[in-house]
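K.L.:
Take a look at the following structure, please.
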Amino acid sequence: MTKIGVALAAGGSVGVAYHGGVLAAIAEATGWDAGQADVLLGTSAGSVTSAMLRAGVPAVDLARISEGRPLSAQGSRLMSLGRPRRPKPSARNALGFRPVSDPRGVLRSVTRPWSLNPRALALAAMPSGFIPTNGLSDGLDALFPGGWPKNTLWICSYDQRAGRRVVFGRTGDPEATVGKAVAASSAIPSHFAPVEIDGRRYVDGGVASMVNLDVLAGAGLDVVVVVSPLTQASPWPSLSATTVLRQVLGLQLRREVSALRSAGVEVAVIQPGRRAAAAMGINPMDAARRGDVSRAAREEVKSWLAGPGGGVGRVLRDQGRFVSSAKAG
């Protein structure tokens with residue numbers, strides 16, 4: 001059986017909607033649900049989607065949530081048990097005093113310059129995030145009463161003081177509940193409050209990379225499907241206000257994809273076309289755009305799968321039929 005990994009990149013609220021639209025389109029077109037992947041790798045927005053898939057939420061329901069449509073029986077049952085709540089600022093949070101994020105980290109960099117980690121220093125010196133992520137972590141933890149899922153789920157975050165990436169769920173890395181890991185992966189510096197786990201403070205996994213694709217090297221995968229909301233399908237700049245950011249992040253993504261392909265892994269990259277990028281707007285945290293983003297993503301991916309560029313769809317169709325046959329048997 002082909003071993004498939006799915007890597008879901010950062011992207012804010014619109015990124016969660018994009019992931020849902022893409023994965024729903026794949027499920028509808030091929031019969032393969034991303035929750036069946038051998039490895040799910042999530043960063044920031046991608047960690048939210050990955051966790052929901054591992055909890056058993058069908059991929060088609062991810063789009064229905066963003067679009068405000070009725071869920072399947074399974075999706076409704078799971079969402080009645082718990083669901084991630086979008087962190088929202090209160091007046092008290094927004095108006096409170098915001099010191100540097102990690103005074104001890106700044107002091108350590110000044111007094112021990114030989115151990116200076118520029119990225120860790122920059123994070124320590126930024127104003128502290130103020131929006132709590134309890135609703136996100138508590139809602140997800142309710143979906144995992146038995147603890148971390150048995151099927152591989154890797155959630156990327158960043159140890160603020162150590163200045164290094166951590167991958168929750170991977171042997172040898174720090175331990176956390178799924179909800180805490182997702183909250184840590186999603187804690188955008190200076191926006192969300194850092195998430196403390198066993199005395200360490202963690203922030204958004206996108207600090208290391210938007211997708212952290214190198215984590216999958218050596219995982220024994222044959223195919224990896226990458227969903228990247230903050231880059232763009234066209235290599236040429238567009239008139240979009242976010243085109244420069246998308247081009248820069250696209251360069252990083254291409255380097256990571258090239259490295260994985262060099263290791264013999266087939267990689268399919270799904271990125272927003274012009275319609276989906278326009279639906280996202282300039283603010284990735286604008287939750288009001290989720291429905292439009294999900295619908296645009298579904299349409300673009302359905303067209304891609306039907307064309308010559310969607311050759312990986314044949315692999316997923318075969319995998320979908322294999323899984324269905326295995327269940328029937």
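The values are calculated or read from the model by the stated rules, or taken from the named source; none is laboratory data. Since this is a predicted model, take the numbers as computed values, not measurements. Here Cβ is always computed from backbone atoms with ideal geometry, including for glycine, and neighbour counts include all displayed protein chains. Ligands, DNA and RNA are excluded from the accessible area calculation, which covers all protein heavy atoms including side chains. Shrake-Rupley method; radii C 1.70, N 1.55, O 1.52, S 1.80 Å.
K.L.:
Can you find, within the range 1-51, the residue that is farthest from Trp148 (Cα to Cα) among those that are among the hydrophobic types (A, V, I, L, M, F, W, C) and in a loop (DSSP other than H, G, I, E, B)? Let's see the steps before the verdict.
P.N.:
Restricting attention to the range 1-51, the residues satisfying the condition of being among the hydrophobic types (A, V, I, L, M, F, W, C) are 1, 4, 6-10, 14, 16-17, 22-27, 29, 32, 34, 37, 39-41, 45, 48, 51.
Now drop any that are not in a loop (DSSP other than H, G, I, E, B), which leaves 1, 9-10, 32, 37.
Details: Met1: 25, Ala9: 21, Ala10: 21, Trp32: 23, Ala37: 16 Å.
Applying the filter and picking the extreme gives Met1.
K.L.:
List, please: which pairs have Cβ atoms under 7 Å, are six or more places apart or on different chains, and start with a residue in the range 174-197 that is on the phi > 0 side of the Ramachandran plot and end with one that is at pLDDT below 95 and open to solvent by less than 30 Å² (accessible area, probe 1.4 Å)?
P.N.:
Note: pairs meeting the criteria are Ser190/Gly129.
K.L.:
I'd like the residue in the range 248-264 that is of a type in the set (A, V, I, L, M, F, W, C) and at pLDDT 95 or above and, out of all such residues, is most open to solvent (accessible area, probe 1.4 Å). Please lay out each step first, then the result.
P.N.:
In the first step, residues of the range 248-264 are kept if they are of a type in the set (A, V, I, L, M, F, W, C); the result is 248-249, 251, 253, 257, 259-260, 263.
Next cut, at pLDDT 95 or above only: 253, 257, 259-260.
Working: Leu253: 12, Val257: 7, Ala259: 62, Leu260: 6 Å².
In this case the residue turns out to be Ala259.
K.L.:
Another question, if that's okay. Here is a list: Gly42, Gly75, Gly82, Gly46. Which entry is touching a residue at least 60 places away in the same chain (Cβ under 8 Å), more than 13 Å from Leu8 (Cα to Cα) and of a type in the set (Gly, Ala, Ser)?
P.N.:
On the way: Gly42 fails: more than 13 Å from Leu8 (Cα to Cα); Gly75 fails: touching a residue at least 60 places away in the same chain (Cβ under 8 Å); Gly46 fails: more than 13 Å from Leu8 (Cα to Cα).
Sole residue among the options that is touching a residue at least 60 places away in the same chain (Cβ under 8 Å), more than 13 Å from Leu8 (Cα to Cα) and of a type in the set (Gly, Ala, Ser): Gly82.
K.L.:
If you check every pair at least six apart or on different chains, which have Cβ atoms under 9 Å apart with a residue in the range 127-146 that is more than 17 Å from Ser13 (Cβ to Cβ) and in contact (Cβ under 8 Å) with a residue 60 or more places away in the chain first and a residue that is open to solvent by less than 10 Å² (accessible area, probe 1.4 Å) and among the charged types (D, E, K, R) second?
P.N.:
Pairs found: Ser128/Asp102.
K.L.:
Here are some residues: Ser185, Ser190, Ser209. Which one is part of a loop (DSSP other than H, G, I, E, B), of a type in the set (Gly, Ala, Ser) and within 17 Å of the chain's Cα centre (by Cα)? So that I can check it myself, show each step before the final result.
P.N.:
Working: Ser185 fails: part of a loop (DSSP other than H, G, I, E, B); Ser190 fails: within 17 Å of the chain's Cα centre (by Cα).
Sole residue among the options that is part of a loop (DSSP other than H, G, I, E, B), of a type in the set (Gly, Ala, Ser) and within 17 Å of the chain's Cα centre (by Cα): Ser209.
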